[in-house]
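Colleague: Handing you a structure now.
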Amino acid sequence: RVPVVDVQSDNFTELWPSMVLALRTATFVAVDTPCSVDLPLAFSAAPCDRYPCVALYALLLQSENTYLCQIYNLTLLCMEDYTVEPQSVQFLVQHGFDFNKQYSQGIPYHKGNDKGNENQSQSVRTFFLELIRAKKPLVLHNGLIDLVFLYQCFYAHLPDSLGTFTADLSEMFPAGIYDTKYASEFETRFVASYLEYAYKKCKRENCKLKDSSGQHLTVEFCSYPANVSRYIDYRHCSLEEESNSVGGGNKVPVCEKFSAYGWCPKGLKCPQSHNIDLIIDEDDKLWEEKRKKRKHKWKRRKNTGEPAKVQEQESSEKEMELAQNGQEGPPRKQSCYEPPVATELAEITSNSEGRPLEENSMDMEPEVSSDITCAVEKEKETHGPPSQGGTHRAGFDAFMTGYIMAYVWMLKKGKNTDTGAGPWLPDCHNKLYLSGKSVPLQIVKSLFSKSSKAHSQKMKLAWASG
């Protein structure tokens with residue numbers, strides 16, 4: 001059971017000391033803004049607020065590869081006018097989100113720059129400053145939109161250019177920003193990288209390491225006192241879900257769309273299975289079959305003494321590519337569909353440091369995302385809500401994000417526990433995943449950009465009052 005502490009307006013002050021202590025003592029902090037946002041407006045001066053909650057996952061490394069975890073789920077309420085889509089509201093209601101609770105007990109906040117001397121009070125904005133002051137590695141999954149939201153809603157107005165935005169972020173989080181979607185694709189080389197798939201894959205591989213008495217990840221949770229226990233929502237997380245089946249013991253076939261992208265246009269009405277464990281089983285089986293075929297071909301060539309001809313190699317590669325692309329089977333496994341904003345940002349980075357963000361985003365279609373599936377999971381031509389996964393709920397996404405990064409860090413550092421003075425995880429340091437791109441968005445302050453004025457003032461305030 002994974003304990004998620006529900007934080008709202010009536011217990012925010014009571015839980016404040018424990019949350020700040022968790023930040024200050026953490027090895028790293030994972031954050032997820034689980035619901036949805038209107039992407040075109042997110043890059044203009046007034047983003048649309050459809051983020052009812054922010055999940056915080058603080059991990060403290062107790063001993064080698066053993067973490068003490070604390071998970072907080074903050075229910076928020078924007079105190080300014082904002083726009084919602086009926087489709088998004090319906091989706092959240094279907095999956096148990098309580099709008100009555102949000103409007104009656106949500107922690108109030110406002111967007112943009114500070115108003116008055118509010119950084120002296122216990123507010124969401126002050127708590128975000130505590131996150132900055134802690135100087136811990138910040139971990140997100142497909143985190144670009146999360147960072148846009150956090151900056152705009154709890155820090156200051158968004159800068160005019162991407163270069164200024166990334167320059168500000170690099171100073172706000174000097175210990176580095178880490179994207180588990182990037183790590184899942186480019187470091188662990190998973191065939192899919194949507195959040196629940198990457199988490200379940202890491203958990204499976206970790207259990208194999210444990211069973212073989214190898215180096216493995218261990219997660220522990222706090223024992224909460226009675227006065228806190230009443231705020232805790234426990235999430236059950238077994239190693240494997242029960243397999244979806246029909247009469248006669250026949251397994252329901254896996255939905256190919258959901259398997260490849262982490263979403264399905266039919267949503268909950270899809271007759272096929274969206275079970276992540278079945279999906280991983282099929283992927284592992286396919287990978288093992290390919291491995292055996294390659295091994296068999298290699299042995300045959302070795303026994304016959306025939307050299308590996310270039311033509312035969314090219315033919316073999318084409319066969320593998322055909323199978324991966326799904327022309328005679330499932331679609332090629334790849335990350336879930338992200339909105340065009342990620343591609344646009346990559347183009348902004350390569351073309352111009354000074355172009356305003358809104359010039360490159362206002363003509364894009366809005367996308368729908370959720371706390372149930374991965375960050376953004378809807379193709380432009382579809383209009384149905386994404387399908388429910390097996391473990392996603394508010395607060396749990398941050399746990400999965402942190403677990404993935406802890407596992408990747410364990411693999412990368414191996415037996416070397418001395419991290420030294422360099423980046424926490426160099427291969428993933430300050431790299432944000434960009435859809436359809438082979439290179440990430442680098443969170444750096446370039447020679448051609450400078451920090452924003454609002455950010456400079458905010459940083460002075462943070463350290464003056466910290």
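Colleague: Identify all residues within the stretch 436-456 that are open to solvent by 50 Å² or more (accessible area, probe 1.4 Å), in contact (Cβ under 8 Å) with a residue 60 or more places away in the chain and farther than 30 Å from Y261 by Cα; write none if there are none.
Modeller: Once the filter is applied, which keeps residues that are open to solvent by 50 Å² or more (accessible area, probe 1.4 Å), in contact (Cβ under 8 Å) with a residue 60 or more places away in the chain and farther than 30 Å from Y261 by Cα, the stretch 436-456 yields K445, F448, K450.
Colleague: Further, regarding this structure: Of all the helices (runs of 4 or more DSSP H) wholly in the stretch 176-262, which have at least 1 residues that are over 15 Å from L411 (Cβ atoms) and either open to solvent by 50 Å² or more (accessible area, probe 1.4 Å) or at pLDDT below 85 (or both)? Before you say what the answer is, go through the steps one by one.
Modeller: Values: elements: 180-186, 195-211, 226-229, 256-261.
Of the helices (runs of 4 or more DSSP H) lying wholly inside the stretch 176-262, those with at least 1 residues that are over 15 Å from L411 (Cβ atoms) and either open to solvent by 50 Å² or more (accessible area, probe 1.4 Å) or at pLDDT below 85 (or both) span 195-211, 226-229, 256-261.
Colleague: Return the total of residues in the stretch 34-74 being open to solvent by 10 Å² or more (accessible area, probe 1.4 Å), at pLDDT 75 or above and of a type in the set (S, T, Y).
Modeller: Residues that pass the stated criteria total 2.
Colleague: Give I107, I132, I145 a once-over and let me know the one that is open to solvent by 20 Å² or more (accessible area, probe 1.4 Å) and either modelled with pLDDT under 90 or β-branched (V, I, T) (or both). Show your work before the answer.
Modeller: Numbers: I107 fails: open to solvent by 20 Å² or more (accessible area, probe 1.4 Å); I132 fails: open to solvent by 20 Å² or more (accessible area, probe 1.4 Å).
Only one candidate passes the filter, namely I145.
Colleague: Shifting gears a bit: Search the stretch 148-170 for residues being outside any helix (DSSP H, G or I) and among the hydroxyl-bearing types (S, T, Y), and hand back the single one that is modelled with the lowest pLDDT. Explain how you work it out, then say what you get.
Modeller: Applying the first criterion (outside any helix (DSSP H, G or I)) to the stretch 148-170 yields 155-161.
Okay, now just the ones that are also among the hydroxyl-bearing types (S, T, Y), so 155, 161.
Working: Y155: 92, S161: 88.
Residue satisfying both the conditions and the ranking: S161.
Colleague: Count, please, the residues in the stretch 85-99 that happen to be assigned to a helix (DSSP H, G or I), touching a Lys or Arg at 6+ places or on another chain (Cβ under 9 Å) and at pLDDT 75 or above.
Modeller: Total meeting the criteria: 1.
Colleague: Another question, if that's okay. Among the residues that make up the stretch 76-84, is at least one of them at pLDDT 90 or above and buried (at least 21 other Cβ atoms within 10 Å of the Cβ)?
Modeller: Checked the stretch 76-84: at least one residue is at pLDDT 90 or above and buried (at least 21 other Cβ atoms within 10 Å of the Cβ).
Colleague: Quick one: Q102 ticks every box in (1) more than 26 Å from A30 (Cα to Cα); (2) part of a helix (DSSP H, G or I) bar one, so which box is it?
Modeller: Q102 satisfies every listed condition except (1).
The values are calculated or read from the model by the stated rules, or taken from the named source; none is laboratory data. Since the structure is predicted, the reported quantities are computational estimates derived from the model, not experimental observations. Note: ideal-geometry Cβ built from the backbone for every residue, glycine included; neighbour counts use all protein chains shown. Side chains are part of the model used for accessible areas, which takes the heavy atoms of the whole protein and leaves out ligands, DNA and RNA. Shrake-Rupley method; radii C 1.70, N 1.55, O 1.52, S 1.80 Å.
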